[in-house]
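Read through the structure below, which is laid out as structure tokens, and then see the notes.
No lab work stands behind these numbers, since they all come straight from the coordinates. Everything quoted here is computed from the prediction, not taken from an experiment. Reconstructed Cβ throughout: ideal geometry from the backbone, glycine too, with neighbour counts over all protein chains shown.
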Amino acid sequence: MKTTVCAVICAAGKGLRAGFSQNKLLIPVNGEPVLQKTLSAFDFPLIDEILVAASAEDTAEITALCAAYPKARVVLGGSTRSESVYNALQQARADIVLIHDGARPFVTRETIEGCIQSVKTNGSGVCAVPCTDTIAVGNAGKLQSVPDRETLWQVQTPQGFYRENILYAYTRAFENGDKSYTDDSSLFSIYCGKPTLCAGALDNIKLTYARDFASAAARCGFGVDTHAFGKSQDYITLAGVKIPSETGLLAHSDGDVLTHALMDALLSAAGLRDIGFYFPDDDPRFKDASSMELLRTVLTLIDERGFKPKNVSIAVQAEKPRLARYIDDMKNTLAGALKLDPTAIGVTAGTNEGLGYVGEGKGITVHAYVLLENK
């Protein structure tokens, strides 16, 4: 006979520590609400039922989100996490329940399946990862003791139990007037016995503060540009650095092919149009324009959308001139413009082994990758 599984998603909080004016689970991360990501994580065949505990004020919006998931339904949460879980447990119909924080949207199927298997094998499964930092016990600002780090674990969710056992634990706790538990395993340990730890994951983070949402909203972008040799001058410009050359690069602006590729990567990561849209090559305003000045305009556009550069990787393909001695200058110039440490910028240069237009010395191609973070 099949053992059925219910996922209880705690979604009745306010997100006060994140400083938001609404439930943090309704805040978009990478284009979709946090709760939607969490629901998607549990929407696979091993899960038979999903109960989402929501506050009365968020019920309508969360119900609308759940409409896309046939297994999901909303139950009324309480004023505390314990009350929300208890309400959901009373309505669950499955044999096993997995209690999960809605603010952990990056939980993987592997972690969920491991938790289910632990319940089937051991009667419980509490996802956790070993502590890597030394943990101290303090009181009144003074260090009191330092427990052995080898015995310490960071407890996560999901936490899985047989429904009848965890419901019994919650019922006893409520009968005793204790409704303040923030962790199901600690309550289980009081009324049912020591639960079993199972493998959590470092990426299974809980979005608690505003900075957690910022790091979760990182975006990557790619840009590529090519310019041909042929301009009557004895240098080329890459990342604002003048480099001696037999001829210059043909372009409407200063021909800084590296900066052009970087600008396209930045714009792409932010979901904007390419540099041809913002700086058309038939506009006299940009005739012989400094590409580093155009880069500043692009950075303003990025800033207006709430992003800033975090990491840049650039690969230059050029048979000539030789670029190795100018790499550090290019990195330092870009670091100043992007307000990054030079170690966050990678610039490599290589030839094309005599192949194609690059190998024949007819032009230069640059590929640029960027990572943006939410400010």
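With a threshold of 26 Å on the Cα-Cα distance, the over-threshold entries among 2/71; 206/308; 71/206; 231/308; 242/287; 231/339 are 231/308; 231/339.
Would you please state the base-10 log of I(q)/I(0) at q = 0.19 1/Å for region 1-87, with intensities from the Debye formula using one equal scatterer on every alpha carbon? So the normalised log intensities are -0.84. Of all complete DSSP H helices in the chain, those with a Cα span along the helix axis of 15 Å or greater and a mean Kyte-Doolittle hydropathy of 0.0 or more are 257-269, 291-304, 327-338.
Note on residue 352 and residue 191: the extension gain reaches 51.0 nm, defined as 0.36 nm multiplied by sequence separation minus the Cα-Cα distance.
Shape summary: region 133-262 maps onto an equivalent ellipsoid whose semi-axes, from the alpha-carbon gyration tensor, are 63, 20, 13 Å in decreasing order. In terms of other Cβ atoms within 10 Å, 333, 259, 351, 3 run from fewest to most in the order 3, 351, 333, 259. With Rh defined as the Kirkwood radius, the inverse of the mean 1/r over Cα pairs, the Rg/Rh of the chain is 1.14. Build a GNM of the chain with springs between Cα atoms under 10 Å: which of 36, 144, 159 gets the top mean-square fluctuation? In the Gaussian network model the winner is 144.
Legend: ranking of residues 260, 367, 227 from fewest to most surrounding C-beta atoms inside 10 Å; resulting order 367, 227, 260. Taking every alpha-carbon pair under 8 Å whose residues sit at least 6 apart, the chain reaches a relative contact order of 14 percent. Length, then width, then depth: along the principal axes, the Cα atoms of region 218-374 run 42, 36, 25 Å.
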